[in-house]
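The values are calculated or read from the model by the stated rules, or taken from the named source; none is laboratory data. Since the model is a prediction, treat every value here as computed from it, not as a measurement. With ideal geometry, Cβ positions are generated from the backbone for all residues, glycine too; neighbour counts draw on all protein chains shown. In case anyone asks, the SASA skips ligands and DNA or RNA and just uses the protein heavy atoms, side chains included. Shrake-Rupley method; radii C 1.70, N 1.55, O 1.52, S 1.80 Å.
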Amino acid sequence: MLTQYLKEFRYNTKLATPVILGMLGHTMVAFIDNIMVGQLGTAELAAVSLGNSFMFIAMSLGIGFSTAITPLVAEADGEGNLAAGKSSFKHGLFLCTVLGIALFAAVFFGRPIMHSMKQPAEVVALAMPYLTLVAMSLIPLIIFQAFKQCSDGLSMTKYPMYATVVANVVNVALNYLFIFGKFGFPELGVVGAAIGTLASRVIMVFYLWYLMAKNPKSRAYVLQIKFFQLTKKMLNKLLGLGFPSALQMFFEVAIFTAAIWLSGILGKNPQAANQIALNLSSMTFMVAMGFGVAAMIRVGNQKGLKRYRELRRIAFSIFLLTSLCGVAFATMFFLLNGQLPKLYLDFDDVQNITDNFEVLSIASKLMLIAAVFQISDAVQVVVLGALRGMQDVLIPTVITFIAYWVIGFPISYYLSMHTEYKSSGIWIGLLAGLTVSAIMLYLRFNYLSKKLIAKNISE
């Protein structure tokens, strides 16, 4: 029984690894920004956290919506239908471009909200100019996601990884020059980090397009795109899949964003500690998310072939592999809970030494809670990927809303604002939401996959 799952590990890992590295590339942009900005002080680190909280919400909608492209391209690829696959991508690219512009406008004009959020004044002052620039990077980022999802749907998962590696090299170089003012460049602090992020994401789009244009399998998809020749039927299909997918990711990201805002009410040091724990957890989450994309691709392929028993077997193999990764990360966080946060803090800075030790103390406790939810976080995202591969999006959207906002957020709010748990209370709520989501989504997949098999037998 176990052997039928284990034999898929190698191919699943091969397919998922470039996706994981590409996802980590996105997170590494924030990781690098946090480490480099963290050397300036806890207020600067908290400012990047506050600015990015707005970005996370916008990104969740854009990235979530773009995932509608992958199962449609994967299904068309399984059927050998190039015309259907290219149509899915073209319409998805159009909608992602429009959405990217709309999200940029929403974040740009929504910046003044920070003044009424009970955040530390010095943090808001630093975050405003940072967010002005980094909001512009939403447009190239969401366009990149359209190309990425198409490439993933064609099982060409390496190209987005290459593009994010290039983006990170650019980001590190520009951060070094503009944050600290090296080699005659102006010392811009947190604004310098925003410049690096914007430039790296523009380059990322063009490089991925170039790679796909060179490959015989994907060339037809990205060349001679008749961008404005659209059909209402395909637009509606993508909107029908993309809008619920965007909401699914939004509900999860929004509760983590709410954690940032709740931490800000507690003070700049709890907010900086929350940002450290969140950034580290985001990196391990990207591994699970990579396997979620692999599940979406392979389930989409099997759906196109109408091989439903194989669909279920392959999906369970990916669930098992992802769960084992979750256990490994949980162990790492538990054993290194006091060491990993030190990467973000400068203990040679005598002026901020008291703040840094307080941030370390809070972050170490949060890492223990993050260790516990590694498994449930991994399970919920990989099962969600499999459900997207089956093009089941409406019920999972309701599930994620209930898990995070009916159960998770009230716990976070009550424990952080009305008990002594404070920052730890926020993360206990996150743990509750992720665990409920994992259980309910798994039950949904189990029901649907059995139903497909039964229906296929009866026919």
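Can you tell me the relative contact order of the chain? Whole percent, Cα pairs under 8 Å, sequence separation 6 or more.
22 percent
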Accessible surface of the chain [probe 1.4 Å, protein heavy atoms]: carbon and sulfur percent = 69 percent
What is the pair-distance distribution P(r) of the chain, computed from all Cα-Cα distances in 20 Å bins starting at 0, with each bin given as a whole percent?
-> 26, 58, 16, 0
Given 5 Å bins starting at zero, what is the percent of C-alpha pairs of region 208-302 in each, up to the one with the largest pair distance?
-> 3, 9, 10, 13, 16, 15, 11, 9, 7, 4, 1
Can you give the extra length, in nm with one decimal, that the chain gains between A213 and T331 once fully stretched, where that is 0.36 nm per residue apart less the Cα-Cα distance?
-> 38.3 nm
If the chain between F185 and I457 were fully extended at 0.36 nm per residue, the gain over the current Cα-Cα distance would be 91.1 nm
Where the centroid of each part is defined by its Cα atoms, how far is region 261-307 from region 415-435 in Å?
-> 19 Å
Cα centre as origin, Lys/Arg/Asp/Glu Cβ charges: the chain dipole, Debye = 2160 debye
Overall Cα dimensions of region 52-206, principal axis frame, Å, largest first = 56, 38, 18
Looking only at Cα atoms, what is the convex hull volume of region 34-98 per residue, in Å³?
-> 98 Å³
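For region 1-160, what relative contact order do you get, as a whole percent, if you take Cα pairs closer than 8 Å and at least 6 residues apart?
35 percent
In percent, what relative contact order does region 333-459 have, based on Cα pairs under 8 Å that are 6 or more apart in sequence?
Relative contact order, region 333-459: 27 percent.
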Interatomic Cα distance distribution for region 302-459, bins of 10 angstrom, percent = 10, 29, 28, 18, 9, 4, 1, 0
If you add up the charges near G290, with Lys and Arg at +1 and Asp and Glu at -1, over every other residue whose beta carbon is less than 15 angstrom from its beta carbon, what do you get?
-> +3
For region 235-278, how big is the tail of P(r) above 14 Å, as a whole percent of Cα pairs?
-> 58 percent
What are the extents of the Cα atoms of region 331-375 along their three principal axes, listed from largest to smallest and rounded to whole Å?
-> 39, 14, 11
Most positive-pole-ward Cα, Y159, N34, L340, against dipole of the chain from beta carbon charges | Y159
So what is the 222 nm mean residue ellipticity for the chain from helices alone, if each DSSP H run of at least 4 adds -39500 (n - 2.57) and you divide by all residues, rounding to the nearest 500 deg cm²/dmol?
-> -28500 deg cm²/dmol
Work the Kirkwood hydrodynamic radius out for region 1-77: mean of 1/r over every pair of different alpha-carbon atoms, inverted, in Å.
-> 15.7 Å
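How large is the Kirkwood hydrodynamic radius of region 152-241, counting all unique pairs of alpha carbons, in Å?
Hydrodynamic radius (Kirkwood, Cα only) of region 152-241 equals 15.6 Å.
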Region 248-385 - convex hull of alpha carbons, volume per residue in Å³ | 91 Å³
Please give the per residue accessible area of the chain, computed with a probe of 1.4 Å over protein heavy atoms only, in Å².
-> 39 Å²
